[in-house]
1. From the backbone phi of the range 76-84, what are the Karplus-calculated ³J(HN,Hα) couplings (6.51 cos²θ - 1.76 cosθ + 1.60, θ = phi - 60°) in whole Hz, Gly and Pro given as x?
2. Assuming R0 = 41 Å, can you tell me the calculated FRET efficiency for the pair K44 and I167, based on Cβ-Cβ distance, to the nearest 0.05?
3. For the pair E77 and R16, how long in nm is the line joining their label points, each one 7 Å along Cα→Cβ?
4. I need the shape label for the range 127-171. Rule: rounded when a/c is under 1.5, else prolate if a/b > b/c, else oblate, with a, b, c from the alpha carbon gyration tensor.
5. Taking the Cβ of L39 as the centre, find all other residues whose Cβ is under 12 Å away and add up their charges (Lys, Arg: +1; Asp, Glu: -1).
6. Residues with amide H under 5 Å of V141's amide H, sequence separation 5 or more or different chain, H placed in the peptide plane at 1.01 Å from N; which?
7. When Lys and Arg each count +1 and Asp and Glu each count -1, what net charge do the other residues less than 10 Å away from I73, Cβ to Cβ, add up to?
8. Among the aspartates and glutamates, select those whose C-alpha is under 15 Å from the C-alpha of K137, and discard any that sit fewer than 8 residues away in the same chain.
Amino acid sequence: MQGQKYVVYTDGGVKRVKCPDGCAKNTYCWTGVASGVILQCVGKEQILVDQYSASLAHGTISRCEIMAPLLAIHRLEMAGAVVDSVEFFSDSKYFVNNFNLAPKGFYNRDRNRRNEFRPHIDVWDQFIAAKDRHKMKAFWVKGHSGVEYNEYCDLLCAAAFRGEIKIDYYL
């Protein structure tokens, strides 16, 4: 059975919120959301097959930006989709550059050259496993520049923060 090509647009966001009870008085932390839109390519057309949002209790912007595409892979695999290739479009240079440009060894080491722990190594490890199963490539798009599905993902993030849409994952 031949696999399908998918195109995924993603976005992440964070906002500062008052820490829940049990934290020091008048302290703040960051909460994040990640969202995405999955399109299936059929000939020259792209058909919307899914959209999702996730809430990260203590997320950084970088973690939200890399969780969004990872969730797309998980959703496709959990739905039983036969995936040949996936193209990610993100306004996060952090995600795109690390995903495409860094050598495979980058992900496998948990420390950089200065012996500092690499952030989000747990997420990058999951991408390496997914890259072994599927052909994947990431492309950068300028945020807030009128790219239709990137703008839509941004709206999904904002709606999730306002509680206007269902959150599919709580991470």
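1. Karplus values, whole Hz, x for Gly and Pro: 4, 5, 5, 7, x, 5, 8, 9, 8.
2. Values: r = 34 Å, r/R0 = 0.82.
So the FRET efficiency works out to roughly 0.75.
3. Using points 7 Å along Cα→Cβ, the separation is 3.7 nm.
4. Details: a/c = 3.63, a/b = 1.35, b/c = 2.68.
Cα axes put the range 127-171 in the oblate bin.
5. Counting the neighbours of L39, the net charge comes to -3.
6. S90, D91, S92
7. Values: positive: R75, K131, R133; negative: E77.
Surrounding charge for I73 is +2.
8. D84, E87, D91
Values in this text are rule-based calculations from the coordinates and carry no lab data. Keep in mind that what you see is a predicted model, and the values were worked out from it rather than measured. Note that we place each Cβ from the backbone using ideal geometry, even for glycine, and neighbour counts take in every protein chain shown.
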